[in-house]
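One structure is given here, and the rest of the page talks about it.
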Amino acid sequence: MKNYSDICVIFGGVSSENEISVITGTMVCNVLEKGGKTVLPVYIGQSGKIITSPRLKEVGVFAAGEPKGDEVAFARGGALILNGRGRAKRRVSFGTIVNCCHGGDCEGGAVAGLAAIVGVPIASAGMFESAAFMDKYLTKLVLSGLGVGVAPYIYAAERGEALASAATLGYPVIVKPCRLGSSIGIARAADEAELAAALDTAFELDSAVIIEKYLSPRREINCAACYDGEKVITSPPEEVFTDGDLLSYSDKYSGGGRRAFPADIPADAEKFIENSTARVYSALNMRGIVRFDYIMSGGEIYISEINTVPGSLSQYLLSEGYSGFARLLEKVVAAAAADYAEKASQRIIRTGILNNLPSNACKIK
C-alpha cells in the first residue's frame, strides 16, 4: 500500500449515529476514488477503537458489527499504522481530512481539533461551529446572537426542572436530547404524562434536553451549503414529509419518509431560506458541507438545527449524480488546502519568557 493518500476519510465514532456514519463514510470514499483520488479510510468504532483497512470502503463489511483492521495512531502530517503489538509498522501521510462522523464528539469538534493538532487541512466544518451546532442549546444561542429566528424553547439539565418549566410553553411540546441527532430520543408530548415519559428516554441518552413548542401546522425544509473556494453555494430547498408528528429515524434512513426536491414553497420563502443559509454560513466563516434544517409555520420560518456533517454529505441536494459530487468535493478539498496554507503562513511569536526564569523556578520544594 502507498505511504501517501490524497484524503483521509474519517467515519464512525462513539455515537448512536455510528451506523449512519458508515453509510456516509463509505459513500464518500468511493466517490473520491472514482474521481481519481487516493483515499485512506479510517473507522472509529463505537468501542473507540480506530482502524484502517482497504476493505473499510465496502459498506457490507460492517453488517456483522465492528470489522477488523490495523489500529491507527495519528501523527503530524498523517498517521501511523500499528502492528498487533501496538508498534508502528508504516507511516501514511495525507493531504486533507474529510469528516464523515455523525453525532458525538467526532462531529462535535474532536475531528476538527485532531486535524489542527496533526497539521492537516480539514475539508469539513471547523472546531467552533462543529462544537456549537452539535449542541441544540448552543445552536439556539448562536442563532439568536445572529438575529435568526428560532422556535420557542426551554433548556433543562435536570428532569425536575424540565417538568416544571415545560408548561410555560403550552402543550404540545417536543423533547430533544441536546447532543444527539438523527431524531434519536426525540418525542412529541401532548400532556404532562407524555412529557414525563419522553424525559425519561431523553435523559437516558443525554445529560440535558431542549423542550420546544410544537408548531402546527408545520413544514420541514432543508437547505445545504458549502464553500467552493470562490463563493458560498446553497442548494435549492427540499421538503421532507412524515406520516407522524415528527420526522423519525425511519423517515430519514429506512425509507419511511418522503421528499420533494426542490420544495414546492412560495418563491419568497425559498429566497429567504437560501439567503439565511448563506448568511449564517458566511457570518461564521464556515467550511465544508453543512445542512440547515428549517420549520415553516404560521407564516414564520425558523432554523431548527444545523448539521455540520449531514447524512451522505447532502450529495443529493448539491449535485446531480456522483460524478458531479466528486467534482464538488474536489473544490471543497482544494478550498481547505488554500485556507490551511494561508493560516500556516501566519507568524507564530516566541516571547522568550522562559529565558528569564531561573532553571529551578517550577520545582516543588
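Points to keep in mind about this one:
- Stretching the chain fully between Arg87 and Ala338 yields a gain of 87.0 nm (0.36 nm per residue, less the alpha carbon separation).
- Across the cross-link table entries Lys140/Lys271; Lys49/Lys140; Lys57/Lys176; Lys57/Lys89; Lys34/Lys231; Lys57/Lys271, which are compared at the Cα atoms, the separations over 27 Å belong to Lys49/Lys140; Lys57/Lys176; Lys57/Lys271.
- Considering the range 275-365, its Cα convex hull presents a mean projected area of 12.3 nm².
- Cysteine residues of the chain whose C-beta has no other cysteine C-beta under 4.7 angstrom: Cys8, Cys29, Cys100, Cys178, Cys223, Cys226, Cys362.
- Sparsely packed trypsin sites (Lys or Arg not before Pro) within the range 22-58, loop by DSSP, other Cβ within 10 Å at most 11: none
- Helical contribution to [θ] at 222 nm, DSSP H n ≥ 4, -39,500 (n - 2.57), averaged over the chain, rounded to 500: -9500 deg cm²/dmol
- Gaussian network model of the chain, springs between alpha carbon atoms under 10 Å - residue of Asn18, Asn307, Asn83 with greatest fluctuation: Asn83
- Among Pro41, Pro67, Pro217, the residue with the largest mean-square fluctuation in a Gaussian network model of the chain, with springs joining Cα atoms closer than 10 Å, is Pro217.
- Neighbour net charge for Ala260 - beta-carbon separation under 13 angstrom, K R +1, D E -1: -2
- Exposure proxy for Val332, Val232, Val290: other Cβ atoms within 10 Å of each Cβ, ordered fewest to most, give Val232, Val332, Val290.
- The chain: most fluctuating residue of Arg87, Arg279, Arg350 per GNM, C-alpha cutoff 10 Å: Arg350
- Where only alpha carbons of the chain are counted, the Rg and the Dmax (Å): 22.0, 74
- Under Stokes-Einstein, with the Kirkwood radius over Cα pairs as Rh, the value for the range 153-213 at 20 °C and 1.002 mPa s is 198 µm²/s.
- Relative to the current alpha-carbon distance between Ile353 and Ser323, full extension at 0.36 nm per residue lengthens the span by 5.4 nm.
Computed from the coordinates by the stated procedures, all read-outs in this text should not be read as laboratory data. Since the model is a prediction, treat every value here as computed from it, not as a measurement. Positions of Cβ are backbone-derived with ideal geometry, glycine not excepted, and every protein chain shown enters the neighbour counts.
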